[in-house]
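The values are calculated or read from the model by the stated rules, or taken from the named source; none is laboratory data. What you are looking at is a predicted structure, and each value in this text was computed from that prediction instead of being measured. Here the Cβ positions follow ideal geometry from the backbone for every residue, glycine too, while neighbour counts run over all protein chains shown. Ligands, DNA and RNA are excluded from the accessible area calculation, which covers all protein heavy atoms including side chains. Shrake-Rupley method; radii C 1.70, N 1.55, O 1.52, S 1.80 Å.
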Amino acid sequence: MSHRPGPSRIQPAEPATATDGTPYSRVFDDVYHSVNGALGQARHVFLGGNDLPERWRGREQFVIVETGFGLGLNFLATWAAWRDDPQRPTRLHFVSVEKFPFRAQDLRRVLESMLVLPGMTELAPLVQRLCDLWPSPVAGWHRLEVAPSVVLSVGFGDFFDLMPLLRAGADAFYLDGFSPAKNPDLWTANVFKTLSRLARDGATLSTYTSAGQVRRDLIATGFTMARRPGYGYKRDMLAGDYAPAYRMRRYDPPAAPPPRGREAIVVGAGMAGAAMARRLIARGWRVRLFERAQAPGTAASGNPAGVFHPQLSADDNVLSRLTRAGFLYALSQWRTLPGGLPGRADGLLQVAMTDVEAQAMQQLAAVHGYPETYAKWVDKTQASALAGETLAHGGIWYPEGGWLAPAMLCRAELVAAGPSLDARYGVNVQRLEPRNGRWAAIDETGRVLAEADVAVVTAADVSQKLLAPYLAPEFLPVKRVRGQLTFLPPDTLPELRVPVCGDGYVAPSPLGGAGPITGATYGFDDPAEEVRVADHQANLRRLAALLPARAEVFGDAGLASESAAAELGGRTAFRSLMPDRLPMAGQLPDMAAIEPLRRRLTGGHLRDLPRLEGLYASFAFGSRGLVFASLCAELVASQIEGEPWPIGADLADAIDPARYVMHALRKG
């Protein structure tokens, strides 16, 4: 049965070679690089055409935007030049898009076969690293930290699905799609106009083509283009600068930040705060972390186990795309923890609860065509074998889903942050105040705990109190949701292999000797902190429906009876979430500056709103803290540093702390 491609379907490239052995695309009937030499072409056309490495020397950061990743040869050549340059910029960002990405095993095979070519041997360790990190062909942006200060952001999908939503300030452009005759869609005036909106002052551009229409269209969008000697058999190429006669203000790209001390205050040491500290310190910041409790990860992050997986949807909606980005980025971060993963990422099963739901899940997986390394439909027999328990229906199998101990994750992230972290526990930040262009954290006695260039609030339960002077409660409608877990006896479900989710979830024993965990309740406006028998019973009844073959064990005649449930252990924690159930992550709006502009901003955009310099938020993850924490921290750190964002502007807008202000402005 054939399916029309869904919104997230990616068609991987199939390896092929031309008659002379050059890597070749059947889709475009064109080779991936010059027959005169891949590395020589990259160095002459793209590095040389943008006057690199000379132009990046002495810079804090340098951003390159490319229009076709292909085999990654331009990136590898640029990375090698950065590695070998003693005056290189502190941080290099390389941003590229690819509609037909190679699978990891195919990319490795093609690149390794090229290492015997002249000059390519020196790239062997870089090729190995790139292939080790290369993601599955899943739609959207993928953030790869190939070296401590080299970041590759590669977007899988159509140029016009990705680049118009990219928030980045480009210092150089590599135009390297297949030839204009073979792939005309990537060489239009609209493509160049999209790129021009990303260009910083002084940005340069180069391309191997010298086609007259390409040159004229680039000039029309603000680039001053000239022909230069081409590479190999090609007589000419194009290179130039971005120098428009005028520029629309709203399209200004993110500017590189001004020089500053790079000191930050982070309030809260749960998953959000630990991830935030780590992402800032990775960029050379010093972080003062304040936590009211006596240890990190003691509130909602203190649960003994939490499950993680992306959320799928038929229309690939905002939540699906956001959890996909968060899930993949979190995995990449956790795998670099020095002590290893504090849990398991070897599979999670999301099962259907009815025949109708099973049919919908199967159709969803078929329409989107996800790679099996990301998500796939499994029938009842396959699902039961994966779970180790007899199930009534099939479901979606996430090979890299699983469970983690959140408190252990918090501690591991803070250890990974290193000596630039100053973490203080048992300290209450009562308010945040601006002082002489910096932010001061002040305790309940009025004592200044610290001053820094930037303050980030990551503790949702105190967010309204800390941010009240700057954002009214109606624009920060944090809801508190009570959740109770139930700890099952140690000998329960000994064959359970992976977490199983449906209406509720059950996870295998997270710690030696402890039993499986099931839950969790979802209680709005319920402040009770004690563990309740009735909530144990509710959890167990859901578990009986999830594992119908065990209904006698977990139903009302078994553990769900009042007397048996009263003997079980459990834990209550409070999640924080917004009415739209999406996080708050980004820079806070400046309400004082917005007020006189209210009428003009009514029909505006989130990017038009004035912002409070140096004040940011990352919180309200609800039950998806494991999926959201790392991505939101990376987004905020990128905004602070003026770096390319790890997600598109559409997703960033969906979690912007100013979104409720914008809703109110649009309503007048």
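Odds and ends about this structure:
- Check on Phe173, under 28 Å from the mean Cα position of the chain (by Cα), among the aromatic types (Phe, Trp, Tyr) and in a helix (DSSP H, G or I): no
- Filtering segment 237-270 to residues that are at pLDDT 95 or above, over 25 Å from Phe290 (Cα atoms) and among the acidic types (Asp, Glu) leaves only Asp241.
- Residue match in segment 618-630 (condition: within 30 Å of Phe156 (Cα to Cα), touching a residue at least 12 places away in the same chain (Cβ under 8 Å) and assigned to a strand (DSSP E or B)): yes
- Single residue of Asp185, Asp201 found to be farther than 18 Å from Asp158 by Cα and either open to solvent by 40 Å² or more (accessible area, probe 1.4 Å) or part of a strand (DSSP E or B) (or both): Asp201
- Each residue in segment 225-236 was checked for being closer than 24 Å to Thr78 by Cβ and either open to solvent by 70 Å² or more (accessible area, probe 1.4 Å) or in contact (Cβ under 8 Å) with a residue 40 or more places away in the chain (or both), and 8 pass.
Residues checked against (1) in contact with a strand residue (DSSP E or B) (Cβ under 9 Å, 6 or more places away or on another chain); (2) open to solvent by 10 Å² or more (accessible area, probe 1.4 Å); (3) among the polar types (S, T, N, Q); (4) under 15 Å from Thr458 (Cβ atoms):
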site	(1), (2), (3), (4)
Ala620	yes, no, no, yes
Ala629	yes, no, no, yes
Gly642	yes, no, no, no
Asp650	no, yes, no, no
Ile655	yes, no, no, yes
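- Only one entry in Gly70, Gly58 is out of contact with any Gly (no Cβ under 6 Å at 6 or more places or on another chain) and surrounded by 17 or more Cβ atoms within 10 Å (Cβ to Cβ), namely Gly70.
- In segment 204-245, the residues that are over 20 Å from Leu39 (Cα atoms) and assigned to a strand (DSSP E or B): Thr204, Phe223, Thr224, Met225, Ala226, Arg227, Gly240, Asp241, Tyr242
- A search for C-beta distances below 8 Å between a residue of segment 369-385 that is under 17 Å from Ala325 (Cα atoms) and any residue that is hydroxyl-bearing (Ser, Thr, Tyr) and part of a strand (DSSP E or B), counting only pairs 6+ apart in sequence or on different chains, returns Tyr374/Tyr398; Ala375/Tyr398.
- Residues in segment 624-657 that are more than 28 Å from Asn303 (Cβ to Cβ) and of a type in the set (Ser, Thr, Tyr): Ser638 alone.
This table checks each residue for (1) of a type in the set (A, V, I, L, M, F, W, C); (2) within 29 Å of Met408 (Cα to Cα); (3) in contact (Cβ under 8 Å) with a residue 40 or more places away in the chain.
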{"residue": "Pro490", "(1), (2), (3)": "no, yes, no"}
{"residue": "Tyr505", "(1), (2), (3)": "no, yes, yes"}
{"residue": "Gly523", "(1), (2), (3)": "no, yes, yes"}
{"residue": "Ala544", "(1), (2), (3)": "yes, no, no"}
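- Of the residues making up segment 431-443, those that are at pLDDT 95 or above and out of contact with any strand residue (DSSP E or B) (no Cβ under 6 Å at 6 or more places or on another chain) number 1.
- When residues of segment 566-618 are limited to those that are among the basic types (Lys, Arg) and under 12 Å from Val661 (Cβ atoms), the one least open to solvent (accessible area, probe 1.4 Å): Arg611
- Restricting Gly177, Gly169, Gly157 to those that are at positive phi and not basic (Lys, Arg) reduces the list to Gly157.
- Taking the criterion of being open to solvent by 20 Å² or more (accessible area, probe 1.4 Å), over 20 Å from Tyr370 (Cα atoms) and assigned to a loop (DSSP other than H, G, I, E, B), the residues of segment 112-139 that qualify are Leu115, Val116, Leu117, Pro118, Gly119.
- Some residue of segment 398-412 being open to solvent by 30 Å² or more (accessible area, probe 1.4 Å), over 28 Å from the mean Cα position of the chain (by Cα) and within 20 Å of Ser509 (Cβ to Cβ): no
- Restricting attention to segment 328-340, the residues that are crowded, with 18+ Cβ neighbours inside 10 Å, hydrophobic (A, V, I, L, M, F, W, C) and either in contact with a helix residue (DSSP H, G or I) (Cβ under 8 Å, 6 or more places away or on another chain) or free of Cβ contacts under 8 Å to residues at least 24 places away in the same chain (or both) total 2.
- Subset of segment 308-327 that is at pLDDT 95 or above and aliphatic (A, V, I, L, M) - its residue that is surrounded by the fewest Cβ atoms within 10 Å (Cβ to Cβ): Val318
- The set of residues in segment 81-101 being more than 24 Å from Gly642 (Cα to Cα) and open to solvent by less than 10 Å² (accessible area, probe 1.4 Å) consists of Pro101 alone.
- Qualifying residues in segment 471-488 (those that are out of contact with any Ser or Thr (no Cβ under 8 Å at 6 or more places or on another chain) and open to solvent by 40 Å² or more (accessible area, probe 1.4 Å)) - the one nearest to Glu567 (Cα to Cα): Phe487
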